[in-house]
Amino acid sequence: MAAGKRAALPLVLTASDLLDGDVVFYAGAGWARGLDEAAVAADEAQAAQFEAILAETEAKGDPVAPYLMTVRIDADGALVPGHVRERIRSRGPTIRTDLGPQARQERQHVSV
Amino acid sequence: MPLLDRNGWKPESWARDAAAGAAIVPFDQVEAVLGARRPGQRIGVDLPNDVHPNALLPWQDGLDFVAIAFPRFNDGRGFSLGKMLREQGFAGTLRASGWIIPDQFAFALHCGFDEVEISEAQAQRQPIDQWLQAPALIGETYQDTQDGMISIFKRRRAAAEAA
Amino acid sequence: MYRYDEFDERVVRQRVAQFREQVGRRIDGSLTEEEFLPLRLMNGLYLQLHAYMLRVAIPYGTLDSRQMRQLALIADRYDRGYGHFTTRQNIQYNWPRLRDAPDILEMLADVQMHCIQTSGNCIRNVTADHFAGVAADEVEDPRPTAELIRQWSTLHPEFSFLPRKFKIAVTGSAEDRAAVAVHDIGIRIVRNAAGEVGYRIIVGGGLGRTPMIGKTVREFLPKDELLAYLEAIMRVYNLEGRRDNKFKARVKILVHELGAEAFIARVEEEYARLDGPSLNVDPAELARIAAYFAPPAFEALPEGSAVLDQAAARDPDLARFVRVNLYPHKMPGYTAVTVSLKPIGGPPGDATSDQMRALADIAERFSLDELRVTHIQNIVLPHVKLDEVPQVWAALVEAGLASANAGLVTDIIACPGMDYCSLATARSIPIAQEIAKRFADPDRQQLVGPLGIKISGCINACGHHHVGHIGILGLDKAGIENYQITLGGDPGNEASLGERLGPGIDAEQVPDAIERIVDTYLELRHADGESFIDTVRRVGLDPFKPVLQPKEPARAAA
Ligand code: SF4
């Protein structure tokens, strides 16, 4: 593999919003607040494209601190971050399930 | 490279060329160049930031100029170096050279620097008004400074004694 | 308490305006993220796992009710209605937005507070004994010294871009409650043979990846020489501290690599060339600062309190609270009350805005309008009349703040860990919560006696695990959270670093392991109530090692 340290496939591109600090995910046409809206790179060609967007984002500095993150796709087709740190980051604190994206998602679930 | 001081951009009057009338030379050549100095020639030195100021003591009276390297803006050794050179009596022009940002300009002036030399790209990104405005943003210091500010500690005493 | 004069006020206000302007230049692209980073850090603003985080300084841990109410208001207006008190006498908000940060700083300035140098590679918030001005064993109140250092180090032109962060702690008591031995510089206020007050200066302590106990570099520094001497230390560190490797950049590594003697020689050489008289402040200025910390107007009261004794006799919960959470005050009839932010099952150090307001009200009515924040992540009401303890206790019960566990096994220090911190390798808070639940029974806690458990979510050791009687360090083992246990650490006078008990264990195993460590201690301790740390020092780690073996395999097989 060319990039020895790059996150394994499939992967998404994530960062933090400059003004709000919210966790954001590259969603093709822009950046989304929810992992479920993230664009997924499933092969090397797409990953290379994401790396280019990563470099562009870094140069632009908005959103901030971008990086690639490995996900898996569960039985329902939902994206699940590979590492526990990324799972917590994409949902919110495990000790305060009323805060972070998980609270937003829960509200959505309730309304369904 | 673009050069500025507390009044704005300024033209370069030094050259990194040992033969120039105002010559900046690397630190390790300072002894040789001073030994061969032409009458009227002004000599300055490029000082890396890992050289102790003591090392400049033997030459500093013959020098008109010292440029201290700031390889990265968050490497703060140059601030101590500049201040220490001033404290040990260096009276020539002191330049911060490399990467420092407008938000550090006040610190550089407080530590005894006269001027700042930055990259072309940085000058594009950080126009002169940002440099001139930055030092004015904090008008008080708790330290005596090389550019003439008196510490708050002392000004309080002065105020108390005047009252 | 210290009050800003016009100069202090202007510096803080100008600093806020400067940050507002810096944010503007970040947004318009004049400053890159790389350049902006240290500027926002030096104003307390981090980018964390879920959001920005703002760290507010509570210098030497002292604040009044007005300031506490403002902290509550900020929590409500700009955050999520709570704050987290840290091990360095700061409060952190976990959800502020960059766009709001200048307004928050403005609100802090309104009550003479700030976030200056609560992060970044500079001299950080100066901490001090939380029982300053209370403890009977005090040579002198450490806070005037801490305030002097706060002012001198603020926006210091030479020392704002150091190799790494730099932490200073001051204590004025015989018993060290400020952990001075594990700071970059620890200062002990001492008396010399001639009876003069001065400073013992300790350099190069620290936790993190390479924990070290600091070395004494001056046994006795005359009091009026402090700033010049500190300037000499900082200069040597700024010029010679390593910048090639961030894990070797703290002053402890420089002291270690040079050797204490060579380091001292460098400092003394620099000290000799500095113009001391121009750096040190006039004694009249020292006296001006010290005057703010003069003892408040205590009433002349008798020793002890019949009112309290009778109330405690009626109510066993109050009696327990009195036994556990009160600290003796130097003035007769007064006491210092520890308000534990460690309810069983709660995140250690968190307080809601309502609780902050309740604390402000209680302090205003019953504690001469003063509060302290401790490095154990609790709050202290420093000057409470013994007679009024029952009222204070009732108000604390009302606010959900009456946990009677100060210094006990459930008074756990835990850093935010992976629930909030972007550097974390494992979670800390849920581990603390689970352990606390195991020891929820107050009788059991009292039976166990003083025991400090400290938990960090990564090697940076913000939870001070190395100096926990029991230390827990969360690591990442192939993507799974894994916890290393150390025993025998202590932050106090006989500062020591804990030793590793054995291989790391999974999160689910930690509460069992801690229970078995405590059970082993109870079996081993001398009948006179020998404390946990004394027992570990006497018997060593060996008797505790079996606790890490999987429990009861025989029953599983049966
Ligand atoms: S110890 Fe590590 S995880 Fe805990 S707060 Fe510090 S940096 Fe974060």
From the set of residues in the stretch C:480-494 that are free of Cβ contacts under 8 Å to residues at least 60 places away in the same chain and of a type in the set (Asp, Glu), which is surrounded by the fewest Cβ atoms within 10 Å (Cβ to Cβ)? C:494
Among C:120, C:81, C:133, which is within 12 Å of another protein chain (Cβ to nearest Cβ), touching an Asp or Glu at 6+ places or on another chain (Cβ under 9 Å) and in contact (Cβ under 8 Å) with a residue 12 or more places away in the chain? C:81
Grab the helices (runs of 4 or more DSSP H) fully contained in the stretch C:186-278, keeping just those with 3 or more residues being closer than 20 Å to residue C:151 by Cα. C:226-240
At least 3 residues that are in contact (Cβ under 8 Å) with a residue 24 or more places away in the chain and touching a strand residue (DSSP E or B) at 6+ places or on another chain (Cβ under 6 Å) in each: list the strands (runs of 3 or more DSSP E) lying fully within the stretch B:1-99 that qualify. B:3-5, B:42-47, B:65-70, B:93-98
For the stretch C:364-401, the count of residues that are more than 21 Å from residue C:317 (Cα to Cα), of a type in the set (A, V, I, L, M, F, W, C) and crowded, with 21+ Cβ neighbours inside 10 Å equals 3
Identify, please: which residue in the stretch C:41-77 is of a type in the set (Phe, Trp, Tyr) and either within 14 Å of chain A (Cβ to nearest Cβ) or in a loop (DSSP other than H, G, I, E, B) (or both) and is, among those, nearest to the chain's Cα centre (by Cα)? C:46
Just to be sure before I move on: is residue C:387 more than 20 Å from residue C:464 (Cβ to Cβ), without any contact (Cβ under 8 Å) to a residue 12 or more places away in the chain and either outside any helix (DSSP H, G or I) or away from the ligand (no atom under 16 Å from the Cβ) (or both) in the structure I sent? no
Does residue C:504 meet the test of being under 30 Å from residue C:204 (Cβ atoms), crowded, with 17+ Cβ neighbours inside 10 Å, within 15 Å of the ligand (Cβ to nearest atom) and of a type outside the set (A, V, I, L, M, F, W, C)? no
Looking only at the stretch C:275-325, count every residue that is over 19 Å from residue B:160 (Cβ atoms) and buried (at least 19 other Cβ atoms within 10 Å of the Cβ) and tell me the total. 10
If you take the residues in the stretch B:112-140 that are free of Cβ contacts under 8 Å to residues at least 12 places away in the same chain and in a loop (DSSP other than H, G, I, E, B), which one is nearest to the other protein chains (Cβ to nearest Cβ)? B:139
Cβ-Cβ under 6 Å pairs, at least 6 apart or on other chains, the stretch C:456-479 side within 14 Å of chain A (Cβ to nearest Cβ), far side near the ligand (Cβ under 7 Å from one of its atoms) and of a type in the set (Phe, Trp, Tyr): none
Identify the single condition in (1) among the charged types (D, E, K, R); (2) within 16 Å of the ligand (Cβ to nearest atom); (3) under 20 Å from residue C:87 (Cα atoms) that residue C:477 does not satisfy, given that it satisfies every other one. (3)
Mind checking which residues of the stretch C:24-40 are over 18 Å from residue B:133 (Cα atoms) and either within 12 Å of chain A (Cβ to nearest Cβ) or assigned to a strand (DSSP E or B) (or both)? C:32, C:33, C:34, C:37, C:40
One residue is enough: does the stretch B:65-86 have a residue meeting the conditions farther than 30 Å from residue C:33 by Cβ, in contact with a helix residue (DSSP H, G or I) (Cβ under 7 Å, 6 or more places away or on another chain) and surrounded by fewer than 21 Cβ atoms within 10 Å (Cβ to Cβ)? no
Residue check for residue B:103: farther than 29 Å from residue B:22 by Cα, at pLDDT 95 or above and crowded, with 20+ Cβ neighbours inside 10 Å: yes
Looking at C:284, C:272, C:300, C:290, can you tell me which residue is more than 22 Å from residue C:203 (Cα to Cα), more than 29 Å from the chain's Cα centre (by Cα), within 14 Å of chain B (Cβ to nearest Cβ) and hydrophobic (A, V, I, L, M, F, W, C)? C:284
Reported set for the stretch C:413-469 where residues are part of a loop (DSSP other than H, G, I, E, B), more than 15 Å from the ligand (Cβ to nearest atom) and among the charged types (D, E, K, R) is C:441
Considering only residues that are more than 23 Å from residue C:543 (Cβ to Cβ) and within 14 Å of chain A (Cβ to nearest Cβ), which ones fall in the stretch C:480-505? C:480, C:481, C:482
Between residues in the stretch A:58-84 that are over 21 Å from residue A:102 (Cα atoms) and residues that are of a type in the set (Gly, Ala, Ser) and surrounded by fewer than 16 Cβ atoms within 10 Å (Cβ to Cβ), which pairs lie under 8 Å by C-beta distance while being six or more apart or on different chains? A:61/C:29
Sole miss for residue C:367 among (1) within 16 Å of the ligand (Cβ to nearest atom); (2) over 18 Å from residue C:93 (Cα atoms) is condition (1)
Residue C:54 vs. criteria over 30 Å from residue B:102 (Cα atoms) and surrounded by 20 or more Cβ atoms within 10 Å (Cβ to Cβ): no
Could you look through the stretch C:1-16, keep only residues that are free of Cβ contacts under 8 Å to residues at least 40 places away in the same chain and part of a helix (DSSP H, G or I), and pick out the one that is farthest from the other protein chains (Cβ to nearest Cβ)? C:6
Scan of the stretch C:359-382 for residues that are in contact with a helix residue (DSSP H, G or I) (Cβ under 7 Å, 6 or more places away or on another chain) and small (Gly, Ala, Ser), ordered by number: C:360, C:363
Go through the stretch C:76-92 and report how many residues are within 15 Å of residue C:355 (Cβ to Cβ) and surrounded by fewer than 24 Cβ atoms within 10 Å (Cβ to Cβ). 6
Where in the stretch A:7-112 are there helices (runs of 4 or more DSSP H), lying wholly inside it, with at least 1 residues that are at positive phi and at pLDDT 95 or above? none
Are any of the residues in the stretch C:346-363 closer than 30 Å to residue C:209 by Cβ and in a helix (DSSP H, G or I)? no
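The values are calculated or read from the model by the stated rules, or taken from the named source; none is laboratory data. Everything numeric in this text was worked out from a predicted model, so none of it was measured. No Cβ is skipped: glycine too gets one built from the backbone with ideal geometry, and neighbour counts run over all protein chains shown.
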